[in-house]
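Just so it is clear, none of the values below were taken in a lab; they were calculated from the coordinates. Just so we're clear, the structure is a prediction, and the values are computed from it rather than from any experiment. Positions of Cβ are backbone-derived with ideal geometry, glycine not excepted, and every protein chain shown enters the neighbour counts.
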Amino acid sequence: MLELEFFNESIYPFPPKPLKLDEQQRSEYKERIKRLLIEKDAVLVAHYYTDPEIQALAEETGGCVADSLEMARFGNNHPAKTLLVAGVRFMGETAKILTPEKTVIMPTLEATCSLDLGCPEKEFSEFCDQHPEHTVVVYANTSAAVKARADWVVTSSIAVDVVEHLDAEGHKIIWAPDKHLGGYVAKQTGAEMLLWQGACIVHDEFKAKALRQLKIQYPNAAILVHPESPESVVAMADAVGSTSQLIAAAQHLPNKQLIVATDKGIFYKMQQVCEGKELIEAPTGGNGATCRSCAHCPWMAMNGLQSIEEALVDANGKEVFVDEALIEKALIPLNRMLGFAQSNKLKVKGNA
Ligand code: 13P
Ligand code: SF4
């Protein structure tokens, strides 16, 4: 097992939050953004963890709100010349790799991810070199350089299926960077996997003990968990999955109360498909403990109306660039994932 200092707050201090705007300002920003999106032939692609107001704006303007896999697909297929990606850096980079001919801008390029930070290319590459007989599978939450080193890129919505397929073909696997998701995938598939020891600072905070206490309070509630959470939390789940899979589970489960262990930005879309159901935040800090993230990603929170407008007015310093040689290499494992997703969908349809 690798032992890494994957995230150190003093090295990577939390970023500042966007300025608080009053209602009048927010509505003026939204009107200007709508105009600018048309003027610049841009489309807003937002992740489920961004501010609900940004998600609503993406929906209203013909953009999309989605998980990281769907964001990548949507941007790739949409005719707009400019993709405005509200999320974190790796999502903007993925969009650029898939559609290098488009301009990809982000409200801020500072919005990163503890998984990306915890998996530097040089160290990761050295690790892969030490295990040349392994197939390298990396999570989408990584830099373009790490993707370029991989055989496969996966998102949480497709990780189990891809690893199951690789395992059936007899591959031994290096998995990076999330140790909890990797552990979950290994358990689900029985695959032989070497796990990089990264973690998401948001999901790593969910606490099984406090969750057990909450479940006593809400005995009829179903528990929904993103697999970046610790194993003890995943073990209590009625549904485990990516953001979009959790939204689907919330819709289909019969329970009227749902305890949700993922970033609370997801509540906006989840509530839309769960009218009348009560959504309850899973506990993060436990009794009296400190809470670093409180179920909201500090980097997702950097996306604000003001920075969205700024990016549309002047892309300088907000445009995503990826080295051409890296694009060429990173495209291979990314396209493998998209091709696999497509053929899996066809298979499912064919069986239906
Ligand atoms: P999804 O792939 O489920 O959208 O998750 C991305 C992410 O960053 C989870 O923390
Ligand atoms: Fe990264 Fe976690 Fe934030 Fe997702 S929630 S972007 S995994 S730090």
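Each helix, a run of at least 4 DSSP H residues, gives -39500 (n - 2.57); summed and divided by the residues of the chain, these come to -13000 deg cm²/dmol at 222 nm. Of the candidates 117, 36, 246, which one comes out as most mobile in a Gaussian network treatment of the chain with C-alpha springs shorter than 10 Å? Maximum fluctuation in the GNM of the chain, among the listed residues, is at 36. Based on the alpha-carbon gyration tensor of region 1-153 and its eigenvalue square roots a ≥ b ≥ c, which shape applies: rounded if a/c is under 1.5, prolate if not and a/b is larger than b/c, or oblate? Cα axes put region 1-153 in the oblate bin.
Entry for region 163-230 at q = 0.16, 0.26, 0.27 Å⁻¹: log10 I(q)/I(0) = -0.64, -1.06, -1.11, Debye formula applied to identical alpha-carbon scatterers, no solvent contribution. Which entries of 20/277; 102/256; 34/147; 96/179; 147/256 show an alpha-carbon separation above 32 angstrom in the structure shown? Correct reply: 102/256; 34/147; 147/256. Measuring how big the chain is from its alpha-carbon positions, Rg and Dmax come out at 19.7, 59 Å.
Mind sorting 275, 121 by how few other Cβ atoms lie within 10 Å of their own Cβ, fewest first?
On the way: 275 7, 121 16.
Starting with the residue having the fewest Cβ neighbours, the order is 275, 121.
The charge dipole of the chain, taken about its Cα centre with unit charges on the Cβ atoms of Lys, Arg (+1), Asp and Glu (-1) only, comes to about 840 debye. How would region 172-311 be classified by its alpha-carbon gyration tensor: rounded, prolate or oblate, with rounded meaning a/c under 1.5 and the a/b versus b/c comparison settling the rest? Rounded shape, in that the Cα axes give a/c under 1.5. Taking the Cα centre of region 79-226 as reference, the dipole from Cβ charges on Lys and Arg (+1) and Asp and Glu (-1) amounts to some 660 debye.
Modelled spin-label separation between residue 216 and residue 248, with each label point placed 7 Å from Cα along the Cα-to-Cβ direction: 3.6 nm. Quick check on the chain: of the DSSP beta bridges with both residues there, what percent are antiparallel, nearest 5%? Restricted to the chain, the bridges split so that about 5 percent are antiparallel. Exposure proxy for 171, 47, 131: other Cβ atoms within 10 Å of each Cβ, ordered fewest to most, give 131, 171, 47. Taking the square roots of five times each eigenvalue of the Cα gyration tensor of region 119-241, the equivalent ellipsoid has semi-axes of 29, 15, 11 Å, listed largest first.
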